[in-house]
């Protein structure tokens with residue numbers, strides 16, 4: 001009986017303890033702040049494995065657009081639409097303002113000059129005057145002389161535009177610029193060039209120093225503008241020097257008399273007689289008194305002239321120059337930008353760096 005009472009008390013106490021624990025747990029859950037929805041919603045992290053697509057380089061885009069505008073401006077010059085040519089060259093120059101090797105500034109100046117010339121010619125065109133029937137003919141000698149002089153001046157004013165209209169303009173451009181332009185065998189300017197020529201057929205040559213790169217016969221009409229543009233980058237690419245051939249020793253056969261004179265089987269039976277070395281000639285002595293110059297100009301793009309002769313664009317190698325002081329010049333569009341004197345050593349190659 002006593003044990004039964006003890007077990008009933010233990011069961012009651014355990015039930016009370018379990019209920020109390022469950023009550024405390026439910027109360028603590030109600031008191032805790034509700035978790036925000038944003039915290040429970042998991043946002044996947046951004047995918048950083050694939051990099052964003054790289055934007056195309058703007059320099060290449062600007063270069064292509066500038067070349068297209070340059071070609072459109074040259075076509076406008078040939079069509080004598082000078083306003084459009086000035087606009088195209090101006091836009092191209094805005095895209096490549098720091099390009100030192102570009103000929104856009106020169107082309108813009110040519111187009112502006114042609115537009116001003118055309119406008120002034122239009123403004124100064126003489127209007128024909130109708131003779132007044134009421135004017136009496138001059139009677140005195142002074143009046144007759146004045147009337148004759150006025151008639152001569154009027155005829156000269158009318159003949160001047162006709163004489164000017166007989167010729168045309170020749171615009172020569174190249175890639176790269178700075179090549180020598182020869183018209184009918186005479187060097188006249190460097191590309192880009194604006195050349196007033198007479199109407200008819202002309203032989204145009206683009207050269208670099210003494211090397212002719214391109215030749216063409218063009219027809220220029222009166223009161224017309226003919227444009228000639230050529231890309232000669234491939235022709236100006238320096239070729240790899242050919243390897244020098246190794247000298248081959250020539251075997252001189254022994255003469256029959258010498259072969260018979262030598263004892264058979266002796267050490268000198270098959271040995272030819274030594275030939276004396278050739279005496280130095282006047283030509284070899286002149287070559288020994290000459291030297292070479294290798295000219296580079298990394299900071300200035302212009303044509304190299306040595307002793308008053310053009311040798312092309314650097315890097316150049318001038319060979320067989322007379323020994324002694326040599327005058328080296330770098331010209332840009334015909335204007336001397338750098339000038340120096342270099343000593344040419346005989347039989348040696350001297351390197352010159354133009355800063």
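Every number here is computed from the coordinates shown, using simple stated rules; none is lab data. Every value quoted in this text rests on a predicted model; they were computed, and no experiment measured them. As a convention, Cβ positions derive from the backbone with ideal geometry for all residues, glycine included, and neighbour counts pool all protein chains shown.
Values computed for the structure shown
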| read-out | value |
| --- | --- |
| Region 164-236, Rg to Rh (Cα coordinates; Rh as Kirkwood inverse mean 1/r) | 0.97 |
| Extension reserve of the residue 5-residue 222 stretch, reckoned as 0.36 nm per residue once the Cα distance is removed | 64.3 nm |
| Inter-part distance where region 300-343 and region 66-98 are each reduced to a Cα centre, Å | 33 Å |
| Whole-number Å³ per residue for the convex hull built on Cα positions in region 287-355 | 67 Å³ |
| Cα-based Rg of region 60-120 normalised by 2.2 N^0.38 Å, two decimals | 1.07 |
| In nm, spacing of pseudo-spin labels at residue 189 and residue 323 (7 Å Cα→C-beta vector) | 4.5 nm |
| Packing rank of 64-74, 18-28, where each peptide gets the mean count of other beta carbons within 10 Å, highest leading | 64-74, 18-28 |
